[in-house]
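*Asks:* Dropping a structure here in structure tokens format, bear with me for questions.
The values are calculated or read from the model by the stated rules, or taken from the named source; none is laboratory data. Note that the structure is a prediction, hence the values are computed from the model and not measured. All Cβ positions, even for glycine, are placed from backbone atoms using ideal geometry, and neighbour counts span all protein chains on display. Surface accessibility is based on the protein's heavy atoms, side chains included, excluding ligands, DNA and RNA. Shrake-Rupley method; radii C 1.70, N 1.55, O 1.52, S 1.80 Å.
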Amino acid sequence: MTGFFTLLYKELLRFWKVGFQTIVAPMVSTLLYLLIFFHVLEAHVEAYPGVAYTAFLIPGLVMMAVIQNAFANASSSMIQSKISGNIVFILLSPLSYHAIFFAYIIASIVRGLLVGLGVYWVTLFFFDIPLAQPVWSILFVVLGSAILSALGLIAGIWADKFDQLAAFQNFIILPLTFLSGVFYTIHSLPAGWQYFSHLNPFFYMIDGFRYGFFGVSDVSPYISLLIVAICLVAISMLTIRMLKTGYKLRH
């Protein structure tokens with residue numbers, strides 16, 4: 001396990017050394033979202049009965065920050081290793097593909113959780129946010145960040161340059177995130193858009209995570225947990241397969 005812990009330490013150190021950019025900056029961006037929506041919509045929108053809009057919004061923003069940064073960490077690390085050429089030293093090492101996979105995933109989860117915890121901690125100074133079912137929140141935030149970490153690895157392996165990676169993030173990750181119910185409950189949408197929302201796996205991450213705060217959700221948390229778990233298994237298997245076959249890594 002020495003090689004696994006060495007790679008994990010390297011990945012953790014990679015983002016920790018530039019923590020102002022990788023942790024503080026995303027926190028500030030997320031809090032700006034909160035400030036704007038609080039100022040504009042707090043007095044006009046009630047997502048759940050008895051729940052203020054800002055209280056409803058905060059869990060969504062926390063989860064959004066977690067998954068976006070988990071994706072960014074894994075994808076940027078992989079493509080930088082490919083472009084600089086040092087990925088060859090990892091592939092030639094006696095590390096198993098599972099060890100490589102888990103080292104990248106765990107490091108990305110840690111970064112996502114640090115950003116999410118930072119956002120949540122700051123909001124507690126200004127808003128009273130309940131946490132009715134903390135176990136559910138922990139489950140969904142860990143599984144959700146793991147899924148986005150694996151997607152980050154897939155994007156980093158697939159992309160040959162930073163432009164392609166940016167396209168993957170801008171045209172796949174961002175739309176799925178913004179249309180997942182971060183800023184609204186899907187019951188406020190027309191029937192057709194509600195149907196499309198149920199096809200978005202990110203919706204189940206957000207909805208399940210929010211259930212841990214209020215004990216209320218648009219979908220049963222058990223259904224959300226099942227869908228998120230299936231997505232994690234499927235995406236993880238694909239990622240490990242890409243590592244094992246050396247897709248775009250061994251040439």
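*Asks:* For Phe101, indicate whether it is touching a residue at least 40 places away in the same chain (Cβ under 8 Å) and surrounded by 17 or more Cβ atoms within 10 Å (Cβ to Cβ). First the steps, then the outcome.
*Replies:* On the way: touching a residue at least 40 places away in the same chain (Cβ under 8 Å): yes; surrounded by 17 or more Cβ atoms within 10 Å (Cβ to Cβ): yes.
Yes: the conditions hold for Phe101.
*Asks:* Only residues in region 154-182 that are at positive phi count as the first member; pair them with residues that are part of a loop (DSSP other than H, G, I, E, B), Cβ under 8 angstrom, at least 6 apart or cross-chain, and list the lot.
*Replies:* Gly181/Asp218
*Asks:* Would a scan of region 128-143 turn up a residue that is open to solvent by less than 50 Å² (accessible area, probe 1.4 Å), more than 22 Å from Gly215 (Cβ to Cβ), in contact (Cβ under 8 Å) with a residue 24 or more places away in the chain and assigned to a helix (DSSP H, G or I)?
*Replies:* Taking region 128-143 first, the residues open to solvent by less than 50 Å² (accessible area, probe 1.4 Å) are 129, 136-137, 140-141, 143.
Of the ones still in play, those that are also more than 22 Å from Gly215 (Cβ to Cβ) are none.
No, that holds for no residue.
*Asks:* I'd like the full set of residues that are open to solvent by less than 40 Å² (accessible area, probe 1.4 Å) and not aliphatic (A, V, I, L, M), limited to region 14-33. Break it down into steps so the answer makes sense when it comes.
*Replies:* So in region 14-33, the residues open to solvent by less than 40 Å² (accessible area, probe 1.4 Å) come out as 15, 19, 22-23, 26-27, 30.
Within region 14-33, Phe15, Gly19, Thr22, Pro26, Thr30 qualify.
*Asks:* Let me ask something else about it. Which condition number does Tyr195 fail, the rest of (1) part of a helix (DSSP H, G or I); (2) touching a residue at least 24 places away in the same chain (Cβ under 8 Å) being met?
*Replies:* (2)
*Asks:* Criterion first (over 17 Å from the mean Cα position of the chain (by Cα), modelled with pLDDT under 95 and either among the aliphatic types (A, V, I, L, M) or open to solvent by 40 Å² or more (accessible area, probe 1.4 Å) (or both)) does Ile36 satisfy it?
*Replies:* On the way: over 17 Å from the mean Cα position of the chain (by Cα): yes; modelled with pLDDT under 95: yes; either among the aliphatic types (A, V, I, L, M) or open to solvent by 40 Å² or more (accessible area, probe 1.4 Å) (or both): yes.
Taking the combined requirement at face value, the residue satisfies it.
*Asks:* Also, I was wondering about something else. Say we look at region 158-190 and pick out the residues that are assigned to a helix (DSSP H, G or I) and hydroxyl-bearing (Ser, Thr, Tyr); which of these is modelled with the highest pLDDT? Working first, answer last.
*Replies:* Residues of region 158-190 assigned to a helix (DSSP H, G or I): 158, 162-178, 186-188.
When the remaining residues are screened for being hydroxyl-bearing (Ser, Thr, Tyr), the result is 177, 188.
On the way: Thr177: 92, Ser188: 76.
Looking at the filtered set, the residue picked out is Thr177.
*Asks:* Considering only region 158-183, state which residues are more than 14 Å from Ile67 (Cβ to Cβ) and within 18 Å of the chain's Cα centre (by Cα).
*Replies:* Residues of region 158-183 more than 14 Å from Ile67 (Cβ to Cβ): 158-168, 170-171, 183.
Across region 158-183, the qualifying residues are Leu165, Ala166, Ala167, Phe168, Asn170, Phe171, Phe183.
Conditions (1) at pLDDT below 95; (2) within 19 Å of the chain's Cα centre (by Cα); (3) closer than 16 Å to Lys248 by Cβ, marked per residue:
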{"site": "Gly85", "(1), (2), (3)": "yes, no, yes"}
{"site": "Ala107", "(1), (2), (3)": "no, yes, no"}
{"site": "Leu139", "(1), (2), (3)": "no, yes, no"}
{"site": "Gly156", "(1), (2), (3)": "no, yes, yes"}
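*Asks:* Do you know which of the residues in region 224-251 that are of a type in the set (Gly, Ala, Ser) and in contact (Cβ under 8 Å) with a residue 60 or more places away in the chain is most open to solvent (accessible area, probe 1.4 Å)?
*Replies:* The first filter runs over region 224-251 and keeps only residues of a type in the set (Gly, Ala, Ser), leaving 224, 229, 234, 236, 246.
Applying the additional criterion that residues be in contact (Cβ under 8 Å) with a residue 60 or more places away in the chain yields 224, 229, 236, 246.
Numbers: Ser224: 0, Ala229: 40, Ser236: 19, Gly246: 6 Å².
Once the filter is applied, the top-ranked residue is Ala229.
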